[in-house]
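Down below is the structure, laid out as structure tokens.
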Amino acid sequence: MVKRQLPQPAELFELMKFKKPEFDGRKRRLQSALTISDLRTIAKRRTPKAAFDYTDGAAEGELSLSRARRAFEDIEFHPDVLTPAPDLDTSVEVLGGPSALPFGIAPTGFTRLMQTEGEIAGASAAGAAGIPFTLSTLGTTSIEEVKAANPGGRNWFQLYVMRDREISYGLARRAAASGFDTLMFTVDTPVAGARLRDKRNGFSIPPQLTLGTIVNAIPRPWWWYDFLTTPKLEFASLSSTGGTVGELLDAAMDPTISYEDLAVIRDLWPGKIVIKGVQNVADSVRLIDHGVDGIILSNHGGRQLDRAPIPFHLLPKVVREVGKDATVMIDTGIMNGADIVASVALGATFTLIGRAYLYGLMAGGRQGVDRTIEILRAEIERTMRLLGVSSLAELEPRHVTQLTRLVPVGGGAASVPLDTSAR
């Protein structure tokens, strides 16, 4: 029998460890977020449905997005034991400059619609963390304002080729004049994808006050207060607004863009140029032959062609073909620092986060973006230590196995066979 006794008061006092209460509501909710998924939950609670769904959603059945995320879930790590990594180096040299972490912030359009601090929050947080920030052609903050928010950091500019070419060329010249060091030419948007959530929500730019939006706004008055009491949304590349995102994109984008446009932009831009939206090996090789500095394997976050190739599955083969000649980067589906580590292990020089950044922004403005970066940094460092590597350069393909779930049938030109040891 266990001998029992009355607890001593001194012993009870030792167990009483009361946490100091946090009266700042924003800090309290951000501290409670341990993962990007937690930030998404907070963002959904605080953001009107139409704006949240614009961020969270993808094209048609959203299969491209779900498959991209599943691809990162379907990996197996192979750690080395008895190889301590007390001192980590998470820095990387990318496109002629440094980044303190192997990821940067991807370009996102209409960002101030998600939360009023918008690109200013993203650029300033990126600068503080020592990582690149990318401004979208469809951003809601000017090139010059982003430069002012991140004066000593690395700013990149994402370019769409518009029907009015001079608009695009003028934006590129302004970005170069403001010291942006890399141009990200996006090629997977000749027309807008069918983003059905936006259509069902009646989401427009700017958002309209309807009975549905008013009802949805009742539990989120802070969003509308911020939206209505801050400067009107301005778009450097759009001469008019007042339609759905798809309608605006179709009116502005030119489906006839070609390698001739790439040649013009290559001559126009003085810095590094990368192509975003590459989805097969042949295009990767062809683009490198046309003199670009890098490619971004991306299906636009699943927001364009549904059932598009999975960038993470394409990565190993593309790296084998062009990795020695150009920088290979990847986006789409990244929700964890382990996803980033796996990408680097399979040959990616760099990765980009879009939704993960926006979830943090919607959850808490600039502080929420800081929290996104903090969460991913901790996950990267923990994964590296558990793998037994001290630097990104030590990561190798042997550290990762891509497990088979979606297996190509037949020998299609775009088929990417996975590791035969996958289970």
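For first residues located in segment 292-308 and farther than 21 Å from ILE273 by Cα, partners that are basic (Lys, Arg) and lie 6+ apart or on another chain with Cβ distances below 7 Å form the pairs ARG303/ARG195.
Tell me which residues, restricted to segment 103-134, are more than 17 Å from THR186 (Cβ to Cβ) and charged (D, E, K, R). Before you say what the answer is, go through the steps one by one.
Step one: filter segment 103-134 for residues more than 17 Å from THR186 (Cβ to Cβ), giving 103, 112-118, 120-131.
Across segment 103-134, the qualifying residues are ARG112, GLU117.
When you look at THR134, is it within 24 Å of ARG40 (Cβ to Cβ), open to solvent by less than 30 Å² (accessible area, probe 1.4 Å), at pLDDT 90 or above and out of contact with any helix residue (DSSP H, G or I) (no Cβ under 8 Å at 6 or more places or on another chain), yes or no?
Numbers: within 24 Å of ARG40 (Cβ to Cβ): yes; open to solvent by less than 30 Å² (accessible area, probe 1.4 Å): yes; at pLDDT 90 or above: yes; out of contact with any helix residue (DSSP H, G or I) (no Cβ under 8 Å at 6 or more places or on another chain): yes.
Judged against the criteria, THR134 is a match.
Among the residues making up segment 47-98, those that are within 20 Å of the chain's Cα centre (by Cα), among the basic types (Lys, Arg) and over 23 Å from PHE133 (Cα atoms) are ARG67, ARG70.
The values are calculated or read from the model by the stated rules, or taken from the named source; none is laboratory data. Predicted model only: the values in this text are computed from it and were never measured. Don't worry about glycine lacking a Cβ; one is built from the backbone with ideal geometry, like all the others, and counts go over all protein chains shown. Note: accessible area is taken over every heavy atom of the protein model, side chains too, but ligands, DNA and RNA are not part of it. Shrake-Rupley method; radii C 1.70, N 1.55, O 1.52, S 1.80 Å.
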